[in-house]
Each structure stands twice: as structure tokens, then as C-alpha cells.
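Laboratory data are not the source of any read-out in this text; all were calculated from the coordinates shown. For clarity, every value in this text was computed on a predicted model and none was experimentally measured. So basically every Cβ, Gly included, is an ideal-geometry build from the backbone, and we count neighbours across all protein chains shown.
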Amino acid sequence: MMYCWMSHQLASICERILVVQEGGYNTDLMKYHAYGVVKGLLTKEGDDLQAAFGPATLADELAGISTIGEIDACLANA
């Protein structure tokens, strides 16, 4: 859902967008994020993303949780 939302927001302010997929930190979840980007770009302006695509996916939740953990670890070592 988060990649979908970010892509949708970007499309609302940018006339043209080039999407390039690179490696990534968690290759197990990459396909879900790529799917979210495509859905976000195909969503029409004014569509309710929550209704169109449902709640946050496991990939969104895991990415968010791991990122928060990484930030906490970095701050603890600073």
C-alpha cells in the first residue's frame, strides 16, 4: 500500500515518470513493491487508494518495521 500511495502521489504532481527497478534490500518483497508502484501509477486521480487496493500488505508492514529497527539501531550507536 505504501509504494502504491507514494507512486500515486508522485503521478499527481509529475506529468511524466520513468520507473526503473533496481536490486533492493529485501529481494523477497521486491515483487510486492513493484506491484504497488504499478497500481499507484494506474490509479485515477480522486480514487480512494484504501478502497481500491485494500489495507497495507505484509511487505509494507515488514519494510516499515525493519526500517524503524534499523534507525533505532543507528541512533543507539551514535
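Per-residue counts of other Cβ atoms within 10 Å, averaged by peptide: what ranking do you get for 5-14, 31-40, highest first? Let's see the in-between values first.
Working: 5-14: 14.6, 31-40: 17.8.
Most protected by this proxy first, the peptides run 31-40, 5-14.
So for the pair LEU42, ALA76, with labels modelled 7 Å out along Cα→Cβ, what separation do we get in nm?
So the label points at LEU42 and ALA76 sit 4.2 nm apart.
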